[in-house]
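Peer 1: One structure is given below, represented as structure tokens, and several questions about it will come after.
The values are calculated or read from the model by the stated rules, or taken from the named source; none is laboratory data. All figures in this text were calculated on a predicted structure; none of them were measured in a lab. As a convention, Cβ positions derive from the backbone with ideal geometry for all residues, glycine included, and neighbour counts pool all protein chains shown. Please note that ligands, DNA and RNA were not included when accessible areas were found on the heavy atoms of the full protein model with its side chains. Shrake-Rupley method; radii C 1.70, N 1.55, O 1.52, S 1.80 Å.
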Amino acid sequence: SASSFGSQSSLFVRGGQSNFVRVLLDGVPLNEPGGALDLGTLTLDNIDRIEVVHGPASVLYGADAVTGVIQLISRTAARGARAALALDAGSYGQRDVAISGAAGLSRAAISASLTDRAADGILPFNNAYRNRGAAASLRLLPDARTEATLSVRWQADSYQVPTNSAGIPEDHDAENSGRRLVVALTGRRVISSRLAAAWNLSSGDHNPRSSDGPDTAADTLGFYGYHSRGAVTRRSADLRLTARVGATQSVTVGGEASRDHERSSSLALSEYGEFPGAFVAARNDRALYVQAVGAVAGRGTYQLGARLDDNSAFGTFRTVRLAASWALVDTWRVRAAIGSAFRAPTFYENFATGYVLGNAALAPEQSRSREIGLDGESHGVAIAFTAYQQRFRDLIQYTS
């Protein structure tokens, strides 16, 4: 995190940039197209667990999963009912209210939460933070072979930014805010003892805004003001079939179709003139992927995967991942993996206008990774060693 409550926060995994980590909520990408995500606005209300994948994972998760994946799973209720109210307050005007409840029957369960979090901030002026949210999850079990979960999450946040680019508090009216709506329908159907189907239909809407006008009527030197607003929509459908082959092997074949759309407008104010910018852009992606996992001789495991993306903006792109492990003794295991991944350019990098000009000819950034590790346990203590190397190419940079 850069500063106070709600300030911009980023995650850097295995030497990659912050936009190399794909963050999912019940399968819905929270990243903007191109990987950008401010973790400072993300709360864990109504979240049951967090799953983390290290290393390239584009084979299953597509673009932006270059150095890792973080998956947030919404809470679902067990049988019975519960309700909770949490109130807390602290220094710097921090005050949080959270109401949650859940109810479960044999074939249906629902959980929900309402939250309101706020703080005055640690800096002396223009540093207030507010984050309100509502989340709900409905799980249905129509029969012994089928389950489906509908999850919905809405969030509205605002953060007042008193600091300039050097981190010095001097700005009295800058503010970042946003609205986000995430909807996911996930499910699984056991077709036979050796075949199962899973699906994920997802929708994400994000409306970020930035406002920073002149501090005073005399504030007319340099670049003294900036305003922007955007509307980002992401829709996707994923279907996969998993077949068991023998007692310890399985093969997954899947397909995904997605569409990203963004509308953006901005205005930079300066003594050199005004720089308005605007664009509307969209791209579609279709992908096929296959993955095989299994055990070997009771001591080893393997994972083989490949994916082919066909994107309307940058054409086809192939990714692979190969991994294996072997048990040296009962409590120690050696593992190794190699893989590739990619990050698609953001719409801003492609189509920005105004003071910054985009480049529509940009190609995706690419990575190649390899790693070796040793995991074990000694006297009740889990120990893990990992050595990895990642190479990135076609990196996108600004130039004047």
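Peer 1: Need one value: the accessible area of Thr252 in square angstrom, 1.4 angstrom probe, rounded to the nearest 10.
Peer 2: Roll a 1.4 Å probe over it and Thr252 shows about 20 Å².
Peer 1: So how much accessible area does Leu44 have, in Å² to the nearest 10, using a 1.4 Å probe?
Peer 2: The accessible area of Leu44 comes to roughly 100 Å².
Peer 1: Provide the descending list of Cα extents for the range 198-287 along its principal axes, expressed in whole angstroms.
Peer 2: Computed over the Cα atoms, the extents are 76, 23, 18 Å.
Peer 1: Here is a further query. How would you rank 387-400, 120-133, 192-205, highest first, on the average number of other Cβ atoms within 10 Å across their residues?
Peer 2: Ranking, from highest mean packing down: 120-133, 192-205, 387-400.
Peer 1: Where is the GNM fluctuation largest for the chain (alpha-carbon springs, 10 angstrom cutoff): Ala144, Ala292, Ala184?
Peer 2: Ala144
Peer 1: Could you look at the chain and say what percent of its accessible area is carbon and sulfur, using a 1.4 Å probe and all protein chains?
Peer 2: The C+S portion of the solvent-accessible surface of the chain is 58 percent.
Peer 1: In sequence order, what are the phi-derived ³J(HN,Hα) couplings for the range 100-115 according to the Karplus relation 6.51 cos²θ - 1.76 cosθ + 1.60 with θ = phi - 60°, rounded to whole Hz, with x for glycine and proline?
Peer 2: Running phi through 6.51 cos²θ - 1.76 cosθ + 1.60 with θ = phi - 60° gives 9, x, 7, 8, x, 10, 5, 10, 7, 8, 9, 9, 7, 8, 10, 9 Hz.
Peer 1: Now for a different question. Looking only at Val53, Val161, Val320, which one moves most when the chain is put into a Gaussian network model with springs between Cα atoms under 10 Å?
Peer 2: Val53
Peer 1: Moving on to the next point. Averaged per residue, what accessible area in Å² does the range 285-349 show with a 1.4 Å probe, protein chains only?
Peer 2: Ligands and nucleic acids excluded, the result is 49 Å² per residue.
Peer 1: Here is a further query. To the nearest 0.05, how large is the calculated FRET efficiency for Leu87 and Arg145 if R₀ is 41 Å and r is the Cβ-Cβ distance?
Peer 2: 0.45
Peer 1: Right, here's the next one. Length gain on complete extension for the stretch Ala295 to Gln249, per 0.36 nm per residue less the alpha carbon to alpha carbon distance?
Peer 2: Numbers: separation 46, 0.36 × 46 = 16.56 nm, distance 0.65 nm.
Fully extending the segment from Ala295 to Gln249 adds 15.9 nm.
Peer 1: Go ahead and run the numbers for FRET between Asp394 and Ala360, Cβ-Cβ distance against an R0 of 22 Å, rounding to 0.05.
Peer 2: With a Förster radius of 22 Å, E is 0.90.
Peer 1: For the chain, with a Gaussian network of springs between Cα atoms less than 10 Å apart, report the residue from Gly167, Gly90, Gly380 with the top mean-square fluctuation.
Peer 2: Comparing Gly167, Gly90, Gly380 in a Gaussian network model of the chain, the most mobile one is Gly380.
Peer 1: Here are a few candidate values for percent of Cα pairs over 28 Å apart: (1) 56; (2) 47; (3) 52. Which one was actually calculated from the structure I just gave you?
Peer 2: (1)
Peer 1: For Glu377, list long-range residues whose amide hydrogen, built 1.01 Å from N in the peptide plane, is under 5 Å from its own amide hydrogen.
Peer 2: Ile383
Peer 1: Given a 1.4 Å probe, how much area per residue of the range 137-177 is accessible, in Å²?
Peer 2: Computed with neighbouring chains in place, this is 54 Å² per residue.
Peer 1: Something else about it: Explain nothing, just the number: relative contact order of the chain, from Cα pairs under 8 Å at least 6 residues apart, as a whole percent.
Peer 2: Computed value for the chain: 11 percent relative contact order.
Peer 1: Run lengths n ≥ 4 of DSSP H only: what is the helix-derived mean residue ellipticity at 222 nm for the chain, with -39500 (n - 2.57) per run over all residues, to the nearest 500?
Peer 2: The helix-only estimate for the chain comes to -500 deg cm²/dmol at 222 nm.
Peer 1: Go through the range 6-15 residue by residue and turn each phi into a ³J(HN,Hα) via Karplus (6.51, -1.76, 1.60, θ = phi - 60°); whole Hz please, and just put x for glycine and proline.
Peer 2: Each residue of the range 6-15 in turn: x, 6, 4, 10, 9, 10, 10, 10, 6, x Hz.
Peer 1: Same structure again: Whole-Hz Karplus ³J(HN,Hα) for the range 59-73, in order, using 6.51 cos²θ - 1.76 cosθ + 1.60 and θ = phi - 60°, x for Gly and Pro?
Peer 2: My calculation for the range 59-73 gives 4, 9, 10, x, 4, 6, 8, 8, 10, x, 9, 10, 10, 9, 10 Hz in order.
Peer 1: Where in the chain lies the longest segment free of GluC sites (Glu not before Pro) that are both loop residues by DSSP (not H, G, I, E, B) and have at most 15 other Cβ atoms within 10 Å?
Peer 2: Counting only loop sites that pass the neighbour cut-off, the longest clear stretch is 1-169.
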